[in-house]
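The values are calculated or read from the model by the stated rules, or taken from the named source; none is laboratory data. This is a predicted model, so every value here is computed, not measured. So basically every Cβ, Gly included, is an ideal-geometry build from the backbone, and we count neighbours across all protein chains shown.
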Amino acid sequence: MGTRVLHIWNTAGVASVIAKFTDREFGANSTVITRKAADRVGLTTYGTAYPDGPARFFTRAIWMARSADLVHVHSLDRVVPWLKRLYTKPVVMHYHGTDIEGRWREKEARWGRADYIAVSTPNLLDGAPPKAVYVANPVDTDLFRPSAVERSPNSAVSFRYGMDAEAEAVAERLGLDLVWLDRWSVKHQQMPETLSRYAYYVDMRKPPGHFTARSLGKAALEALACGCRAVDWQGSIVEGLPPEHDPISVAARWNMVYLGLLKK
């Protein structure tokens, strides 16, 4: 049996992709758990979204950790001290954005207990401890690839996320017809076909109370995998999914992390 990994939470569906490819390519034995309330569009394609409230889910996570060799926590850092108090097994703390940006000092009592700290975008390393590392978000290229639908050459799509005026301005500058979608209007399984209808994905995000997102988001990476060009937070155009986001490459890196932690 391969390394038994419990992924707690599934921010942007990243845990599902890591689990799927570490299991398939490297023989891991992964379990992904999250709450249905936090997965409105079906991001948990690999794993289970439970109809739990916060307290019940917290208890479930602690209980399920007993049978894992290693626990990989995504965003939900309040569970880390409990895991380390109750078990001797390694714990990975994986941050994904507003869960840590500008909050490293505030959350030190949580991430400080983890055996390995990762962030999903390079900008999150600002203010991070020296041992924190950047590991790129993987894209499930089994699912996200160009669909056989008509793609209008001057079309663009985006989700409203705090930078609507900036997105409209860059679309006008590039001569694009920008279509807005509601953040929760498209199910995850429908996203490849939806994205494939557009030539550009405008990725400009400023979460409430936070900084402008200075990295391509997961939806933008998925759009690139579907053949779109992406317009980033600076108005620059990106074309083609960068190799660092290949799911097998990311899974290989995580597999090495897991094996290294288990040898200590």
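Scanning region 11-28 for residues that are touching an Asp or Glu at 6+ places or on another chain (Cβ under 7 Å) and more than 20 Å from Ala219 (Cα to Cα) turns up nothing. Is it fair to say Val149 is within 22 Å of Val186 (Cβ to Cβ), in a loop (DSSP other than H, G, I, E, B) and among the β-branched types (Val, Ile, Thr)? Answer is yes for this residue. Would you say Ser155 is in contact with a Cys (Cβ under 7 Å, 6 or more places away or on another chain), surrounded by 15 or more Cβ atoms within 10 Å (Cβ to Cβ) and either without any contact (Cβ under 8 Å) to a residue 40 or more places away in the chain or over 18 Å from Gly97 (Cβ atoms) (or both)? Considered against the rule, which asks whether it is in contact with a Cys (Cβ under 7 Å, 6 or more places away or on another chain), surrounded by 15 or more Cβ atoms within 10 Å (Cβ to Cβ) and either without any contact (Cβ under 8 Å) to a residue 40 or more places away in the chain or over 18 Å from Gly97 (Cβ atoms) (or both), Ser155 comes out as no. One residue stands out among those in region 79-103 that are closer than 17 Å to Ile18 by Cα and among the β-branched types (Val, Ile, Thr): the one that is farthest from the chain's Cα centre (by Cα), which is Val91. Being modelled with pLDDT under 95 and either crowded, with 17+ Cβ neighbours inside 10 Å or over 20 Å from the mean Cα position of the chain (by Cα) (or both) is a description that applies to Met1.
Residues in region 30-41: is at least one charged (D, E, K, R), out of contact with any Phe, Trp or Tyr (no Cβ under 6 Å at 6 or more places or on another chain), under 24 Å from Gln190 (Cα atoms) and in the same structural domain as Glu106 (by TED's automatic domain parsing)? So far as region 30-41 goes, yes, one or more of its residues are charged (D, E, K, R), out of contact with any Phe, Trp or Tyr (no Cβ under 6 Å at 6 or more places or on another chain), under 24 Å from Gln190 (Cα atoms) and in the same structural domain as Glu106 (by TED's automatic domain parsing). Scanning region 71-100 for residues that are in contact with a Leu (Cβ under 6 Å, 6 or more places away or on another chain) and touching a residue at least 60 places away in the same chain (Cβ under 8 Å) turns up Val71, Pro90. Among the basic types (Lys, Arg) and touching a residue at least 40 places away in the same chain (Cβ under 8 Å): does that describe Lys218? Yes: the conditions hold for Lys218. Exactly one residue among Ser185, Ser158, Ser196 is at pLDDT below 90 and of a type in the set (Gly, Ala, Ser), and that residue is Ser185. Which residues, counting only those in region 83-126, are closer than 17 Å to Ile62 by Cα and of a type in the set (Ser, Thr, Tyr)? Once the filter is applied, which keeps residues that are closer than 17 Å to Ile62 by Cα and of a type in the set (Ser, Thr, Tyr), region 83-126 yields Tyr87, Thr88. Output the residue which, of all residues in region 33-64 that are more than 16 Å from the chain's Cα centre (by Cα) and surrounded by 21 or more Cβ atoms within 10 Å (Cβ to Cβ), is nearest to Ala251 (Cα to Cα). Across region 33-64, the extreme among qualifying residues is Ala61. Residues in region 158-168 that are surrounded by 13 or more Cβ atoms within 10 Å (Cβ to Cβ) and over 25 Å from the mean Cα position of the chain (by Cα): Glu168 alone.
Only residues that are closer than 26 Å to Ala219 by Cα and touching a residue at least 40 places away in the same chain (Cβ under 8 Å) were counted in region 29-70, giving 6. With respect to the conditions (1) part of a loop (DSSP other than H, G, I, E, B); (2) modelled with pLDDT of 95 or more, Glu101 lacks only one, and its number is (2). Residue-level check: of (1) more than 27 Å from Lys36 (Cβ to Cβ); (2) assigned to a loop (DSSP other than H, G, I, E, B), Ile117 misses just (2). Of the strands (runs of 3 or more DSSP E) entirely within region 170-264, those holding at least 2 residues that are surrounded by fewer than 21 Cβ atoms within 10 Å (Cβ to Cβ) and not assigned by TED's automatic domain parsing to the domain that holds Ile117 occupy 177-181, 237-239.
Evaluate the following for Glu239: is it of a type in the set (Asp, Glu), in contact with a Leu (Cβ under 9 Å, 6 or more places away or on another chain) and over 15 Å from Ser120 (Cβ atoms)? So Glu239 passes the test.
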